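K.L.:
One structure, as structure tokens, below. Some questions next.
The values are calculated or read from the model by the stated rules, or taken from the named source; none is laboratory data. If you're wondering where the values come from, they're calculated on a predicted model, not measured in any experiment. Methodologically, a virtual Cβ is constructed for each residue, glycine included, from the backbone with ideal geometry; neighbour enumeration extends over all protein chains shown. Heavy atoms of the whole protein, side chains included, go into the accessibility calculation; ligands, DNA and RNA do not. Shrake-Rupley method; radii C 1.70, N 1.55, O 1.52, S 1.80 Å.
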Amino acid sequence: MQTQDVRRQFLQYFKEKGHSVIPSSPVLPHDDPTLLFTNAGMNQFKDVFLGNTARDYKRAATSQKCIRVGGKHNDLDNVGHTSRHLTFFEMLGNFSFGDYFKKEAITFAWEVSTKVFAFDPERIWPTVFRDDDEAFELWKQYVPSDRITRFGEKENFWAMGDTGPCGPCSELLYDRGSHYGKASNPSEDISGERFLEFWNLVFMQYNRSATGVLEPLPKPSIDTGAGLERIISLKMNVDTVFETDVLRGLIAQVETVSGVAYDLQDQRSAAFRVIADHLRCLSFAIADGVQPSNVDRGYVLRKVLRRAVRYGRMLGMEEPFLAKILPRLVSEMGSDYRELTVAQSRIAEILTAEEEAFLRTLRRGGNILNQVMEKARKHAGQISGDDAFKLKDTYGLPIDEILLLAKDSELTVDADRYQALELEAKERSRSVQKSTQQIASENLFADYAKEHGECAFVGYALHSALGKVTALVHNGQLVSSLQEGEEGLVVLNQSPFYAEMGGQIGDIGHLKGDHQFFQVTNCISPYKGVIAHSGKLEKGSLKIGDSLVAEIDAPRRQKIANNHTATHLLHWALHKVLGEHVKQAGSVVDQQRLRFDFSHHKALTQEEINKIEDLINEKIRENLPVRWYELPYDEVQKRSDIKQFFGEKYGSKVRVIDIDYSKELCGGTHTSYVGNIGLFRIAKESSIAAGVRRIEAVTGTEAEGLHRHSDHLLGQLAAALKTQVQKLPERVEKVLEENKQLSVELKTARKGQLGDLVGSLLKKVEMIKGKPLLAIQVDLQGDELKDCADELSAKLQPGVLVLASGADDRCQMIVRVSDDLVGQGVKANDIVKVLAPLIEGTGGGKPNSAQAGGKAPHRIAEALAKARDLL
């Protein structure tokens, strides 16, 4: 398959050129509030480009899964109707972090284009930024100068945002021939159809400040991106990306499922392309932990799914169908993206459930459409823009379909108002992406790390170690000394303190010298390889070069280690009980509890929770040793038995925590034997987002405490119900039955009382200008007040009823008017509009029934008098 071959050959080429091949990050961005979805290869390296961190490699290559839909990349309506728009695509890229620059980047791009992609060198046209003479001269080594085009800032200058890293770029275009246009060069090709861009090389050499000034970056970097689907379309010499192997294979599956042939001359051909693209987008997003919902990225995903369903109906597919196309996607892409294979059953289940829900909505939408059209006939024959937008946004009816239906019924649509609402919706979608300044910075410890190297962490084996002070920070600045009473950060050349990361909290303890004592209240890693002890100097003074004994709070560390190992057991047990689709989505480990977030689409049953606890406690009793060792990351990538953490960024060497049945990459501290955990209990299971569940659990003495608390609660309940704990179920059942019987008796008694009350109230009806009126306050609340109003209005025919009640600082008023009096112009909603302000409240309703609520019960009499005046 060409797509798979090109993907693998691209990565192999750069591996041979000294690049680390980094796996695609999930399409769900990790710790980046500026993104709805991962939309470019450089996203996972943004913190490196910004100077906030460093990796143990200077060169990288990836094939990144990308989703561009929503936010500023909101081209959803174009997908299926153009030759190039996709919601999901793969971006090939190579990156340099202060290593090579323009010369090597251009050489690599030329060699890959001509050798790996096997493109005709005579048909490659590079473009450069208008002022980038360096890039122009470098390209002249490969193509004649008349094939190099200069463009302005709009086309050939890239920026991460309004501020931050930026620089000129060079695009590679491929001349597809005169069949795609008469333009003789890229400058004349306005549509970009003939000279098709397939690779963009960004030369990141400036930092744009908040004032707009371009300052040279100390370490220029390279960020490139090449759309894999577009490259394959050029290699296969086809008109659109939908004719490439993977997408065409999915279209073939749509043909099989729908029973309709794919014919480009058929108006319905767009439906095949929409379904093929949208299925990839939905499947990869769900596999990476996103689930359709009504908020943020879940809302965007739901819109994608509903669009696919609408187009499926154009092909006659009235029942859920996406799960039937999914196996073809898994067979085409599952070997390179194992997450698809692992999550296949879960993806199918979620797709089908969402489709069924939307089909129910569409059926309701058909009824709503009829109501909207009936309303339009009464309003100058026009469907309002608000109604049209609701039909499209809520019920998924496309505007084209609404316009056609309106035309058939001799109605029009307020298109201007509709377009205004559509624009507002797009702006709201963009606003989901939080705006943040992304200014490249020189981290406080970047130069320190270069000069001193990494701080050695010796805490896997030791709880106490001698270290030398290599850096001090006070008030955010590097200083040469700290004085007694001052707070700050102390960095040693080696330390047993674990710095907070990977969900595990930092160690606490103290640093002690001959005449110094520094109380450590937290330990952090502000830069890769730096261990910073945060706290207060309680005795003496500290200066660079001083020797200190660093000692952690060992009992606290042991509890943290127990809980951290317990999270690995929990991850393992979740896979056993719920399935391989479960992916970690975050965790917190401290000395009192553990918290584990994971992808799963529904709440756990009590049976599943019990099974998870049983599996873990069984392994605790088994008491296997917890081993750890390091492996090259390249080797780990080939092993399916070692779990990798969600969104983590790994170096060339990684640490494996191995408990025989559970193997995970982890840099945290762990207990030496599983039995040290003692006992495991789940305290709470809940939802934190669509498709993401959270388990909070305790171990050891905290788990025992949870047991005792449960026992204590049962004892209290038994005492209150005057029974024994073991007899609680039958006692509770008996109490509930007694309560049910008493409720029936009470309801019967109240009904009798209500009948008596209604009879006495009807004697107080007064005639106002020939109209019967009962305006009175009663001592009833809630349903009783409503029931009383129902009884009275049924017997007060004709008549006007104003029934009020008050308690504390709240009051309620119900107004009923018989139909014949409504015909004479007496309306309940008009009466409520006048009375509600008198009781300092609001209200509304219909002509024959309305109600109001207020907070001035002391003014009820005044309101009732006003009702008489109104009548």
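K.L.:
Please give the per residue accessible area of segment 121-218, computed with a probe of 1.4 Å over protein heavy atoms only, in Å².
P.N.:
Details: 4590 Å² over 98 residues.
Here the residues of segment 121-218 average 47 Å² of exposed surface.
K.L.:
What is the percent of Cα-Cα separations in segment 782-829 that go past 12 Å? Show your work: numbers first, answer last.
P.N.:
Values: 693 of 1128 pairs.
Every Cα pair in segment 782-829 considered, those over 12 Å come to 61 percent.
K.L.:
Classify segment 666-712 as rounded, prolate or oblate, taking a ≥ b ≥ c as the square roots of the eigenvalues of its Cα gyration tensor: rounded when a/c is under 1.5, otherwise prolate if a/b is larger than b/c and oblate if not. Provide the component values of the computation, followed by the final result.
P.N.:
Working: a/c = 3.78, a/b = 1.10, b/c = 3.44.
Here segment 666-712 falls in the oblate category.
K.L.:
Okay, next question. Per residue of the chain, what 222 nm ellipticity follows from adding -39500 (n - 2.57) for every DSSP H run with n ≥ 4, rounded to the nearest 500? It would help to have the intermediate numbers written out before the result.
P.N.:
Details: 25 runs with 338 residues, N = 871.
For the chain, the value works out to -12500 deg cm²/dmol.
K.L.:
Could I ask something else about it? Rank by packing, highest mean first: peptides 557-568, 745-756, with packing defined as the count of other Cβ atoms within 10 Å averaged across residues. Spell out each step's value before the answer.
P.N.:
Details: 557-568: 24.1, 745-756: 11.2.
Highest to lowest by the protection proxy: 557-568, 745-756.
K.L.:
Can you sort R68, R708, R364 by solvent-accessible area, 1.4 Å probe, largest first?
P.N.:
So, going from the largest accessible area down, we get R708, R364, R68.
K.L.:
What is the diffusion coefficient of the chain in µm²/s, taking the Kirkwood radius over Cα pairs and the Stokes-Einstein relation at 4 °C with a viscosity of 1.567 mPa s? Intermediate results must be reported in sequence, preceding the final value.
P.N.:
Numbers: Rh = 33.0 Å.
Estimated via Stokes-Einstein, D reaches 39 µm²/s.
K.L.:
Compare the Cα positions of G691, V549, H670 along the charge dipole of the chain (+1 at Cβ of Lys, Arg; -1 at Cβ of Asp, Glu; about the Cα centre) and return the one farthest towards the positive end.
P.N.:
G691
K.L.:
In debye, nearest 20, what is the charge dipole magnitude of the chain about its Cα centre with +1 on Lys and Arg Cβ and -1 on Asp and Glu Cβ, if you could check? It would help to have the intermediate numbers written out before the result.
P.N.:
Details: 111 positive and 120 negative charges, 322 e Å.
Dipole size: approximately 1540 debye.
K.L.:
Apply the Kirkwood formula to segment 89-142: the hydrodynamic radius equals the inverse of the mean of 1/r over all pairs of different alpha-carbon atoms; give it in Å with one decimal. List each step's numbers first, then the result.
P.N.:
Numbers: mean 1/r = 0.0801 Å⁻¹.
Every distinct Cα pair counted, the radius reaches 12.5 Å.
K.L.:
Ignoring ligands, DNA and RNA, what percent of the accessible area of the chain is carbon or sulfur (1.4 Å)?
P.N.:
Details: 19460 of 40340 Å².
Here carbon and sulfur together make up 48 percent of the probe-accessible area.
K.L.:
Projected area of segment 733-871, taken from the Cα convex hull and averaged over every viewing direction, in nm²? Please report the intermediate quantities before stating the final value.
P.N.:
Numbers: hull surface 36.6 nm².
Average projection, Cα convex hull of segment 733-871: 9.1 nm².
K.L.:
What do you get for the angle between helix 782-795 and the principal long axis of the chain? Use alpha-carbon atoms, 0 to 90 degrees, nearest ten.
P.N.:
Value to nearest ten degrees: 40.
K.L.:
Right, next: Where a ≥ b ≥ c are the square roots of the eigenvalues of the C-alpha gyration tensor, would you call segment 7-127 rounded, which needs a/c under 1.5, or, failing that, prolate if a/b is larger than b/c, or oblate? Let's see the in-between values first.
P.N.:
Values: a/c = 2.05, a/b = 1.13, b/c = 1.82.
Oblate shape, in that a/c is at least 1.5 and b/c is the bigger or equal ratio.
K.L.:
With the cut-off at 1.5 for a/c, could you classify segment 540-698 from its C-alpha gyration tensor as rounded, prolate or oblate?
P.N.:
Verdict is prolate for segment 540-698.
K.L.:
Moving on. Just to be sure I understand: if I project the alpha-carbon convex hull of segment 111-219 onto a plane and average over all orientations, what area do I get in nm²? Mind dumping the intermediate values first?
P.N.:
Numbers: hull surface 30.7 nm².
Taking the Cα atoms of segment 111-219, their convex hull projects to 7.7 nm² on average.
K.L.:
Then there's this: Taking the alpha-carbon distance from K450 and a cut-off under 21 Å, which lysines remain once sequence neighbours fewer than 8 residues away in the same chain are dropped?
P.N.:
K46, K58, K219, K468, K528, K543, K649, K653
K.L.:
At a probe radius of 1.4 Å, what is the per-residue accessible area of S480, in Å² to the nearest 10?
P.N.:
For S480, solvent-accessible area is about 80 Å².
K.L.:
Now, a different point. Starting from the Cα of R750, step 7 Å along the direction of its Cβ; do the same at S331; then give the gap between the two resulting points in nm.
P.N.:
With each label point 7 Å from Cα toward Cβ, the separation is 6.4 nm.
K.L.:
What angle do you read, to the nearest 10 degrees and between 0 and 90, between the alpha-carbon axis of helix 322-333 and the longest principal axis of the chain?
P.N.:
In the chain, helix 322-333 runs at an angle near 10 degrees to the longest axis.
K.L.:
Could I ask something else about it? Using the heavy atoms of the protein chains alone and a 1.4 angstrom probe, what is the accessible area of segment 287-359 per residue in square angstrom?
P.N.:
Values: 2650 Å² over 73 residues.
Dividing the accessible area of segment 287-359 by its residue count gives 36 Å².
K.L.:
Can you give the FRET efficiency to the nearest 0.05 for D146 and K182, using r as the Cβ-Cβ distance and R₀ = 22 Å?
P.N.:
Values: r = 18 Å, r/R0 = 0.82.
Rounded to the nearest 0.05, the efficiency is 0.75.
K.L.:
Follow-up question, since we're still on this one. Leaving out same-chain residues fewer than 8 places away, which lysines sit with a Cα under 25 Å from that of K611?
P.N.:
Cross-link targets: K559, K576, K583, K602, K619, K643, K663, K684.
K.L.:
Another one. Give the lysines whose C-alpha is closer than 16 Å to that of K747, dropping any in the same chain fewer than 8 places away, or say none.
P.N.:
K786
K.L.:
In Å, what Kirkwood hydrodynamic radius results for segment 207-274 from the alpha-carbon pair distances?
P.N.:
On the way: mean 1/r = 0.0647 Å⁻¹.
This gives a value of 15.5 Å.
K.L.:
Mind checking the per residue accessible area of segment 458-547 for me, 1.4 Å probe, whole number of Å²?
P.N.:
45
K.L.:
While we're looking at this one, here's another question. Looking at segment 626-714, what % of the alpha carbon pairs are farther apart than 19 Å? Walk me through the numbers before you get to the answer.
P.N.:
Working: 2265 of 3916 pairs.
When every Cα pair of segment 626-714 is considered, 58 percent fall beyond 19 Å.
K.L.:
Treat each spin label as a single point 7 Å out from the Cα along the C-beta direction, and report the Q2 to D808 distance in nm.
P.N.:
Label at Q2, label at D808, 7.3 nm between them.
K.L.:
Follow-up question, since we're still on this one. Principal axis extents for segment 592-649, Cα atoms only, whole Å, descending order, please.
P.N.:
Here the Cα extents, ordered largest to smallest, are 40, 32, 26 Å.
K.L.:
Quick check: convex hull of the Cα atoms in segment 238-280, volume per residue, rounded to a whole Å³? If you can, show how the numbers build up before the last one.
P.N.:
Values: hull volume 2.8 nm³, N = 43.
Looking at segment 238-280, the number lands at 65 Å³ per residue.
K.L.:
Search the structure for amide H atoms under 5 Å from the amide H of W199, placed 1.01 Å from N in the peptide plane, and list their residues when 5 or more places away or on another chain.
P.N.:
L172
K.L.:
Provide Rg and Dmax in Å for segment 189-332, with only Cα atoms included in the calculation.
P.N.:
When restricted to Cα atoms, segment 189-332 yields Rg and Dmax of 19.8, 60 Å.
K.L.:
Which order do peptides 198-209, 335-346, 777-788 fall in by mean Cβ count within 10 Å, highest first? Mind dumping the intermediate values first?
P.N.:
Working: 198-209: 22.3, 335-346: 18.3, 777-788: 14.9.
For the peptides 198-209, 335-346, 777-788, the packing ranking is 198-209, 335-346, 777-788.
K.L.:
Let me ask another. If you take the charge dipole of the chain about its Cα centre, with +1 on Lys and Arg Cβ and -1 on Asp and Glu Cβ, which of I814, V765, S184 is farthest toward its positive end?
P.N.:
So the residue furthest toward the plus end is V765.
K.L.:
For a quick size check, give me the Cα extents of segment 675-818 along its three principal axes, largest first, whole Å.
P.N.:
Here the spans come out as 88, 41, 28 Å, largest first.
K.L.:
Starting from 0.36 nm per residue, how many nanometres of slack lie between E111 and T34 once their C-alpha separation is accounted for?
P.N.:
Working: separation 77, 0.36 × 77 = 27.72 nm, distance 3.47 nm.
Taking E111 through T34 to full extension adds about 24.3 nm, to one decimal.
K.L.:
Follow-up. Report the FRET efficiency, 1/(1 + (r/R0)^6), for E155 and I524, where r is their Cβ-Cβ distance and R0 is 41 Å, rounded to 0.05. Kindly include the intermediate steps, with their values, before the conclusion.
P.N.:
On the way: r = 43 Å, r/R0 = 1.05.
For R0 = 41 Å, the calculated efficiency reads 0.40.
K.L.:
Please report, to one decimal in angstroms, the Kirkwood hydrodynamic radius of segment 1-66 built from all distinct Cα-Cα pairs. Provide the component values of the computation, followed by the final result.
P.N.:
Numbers: mean 1/r = 0.0770 Å⁻¹.
After inverting the pairwise mean of 1/r, the radius is 13.0 Å.
K.L.:
I would also like to ask the following. Within a Cβ distance under 11 Å of D245, other residues only, what is the Lys/Arg minus Asp/Glu net charge?
P.N.:
Values: positive: K235, R248; negative: D5, E229, E243, E332.
Neighbour charge sum, excluding D245 itself: -2.
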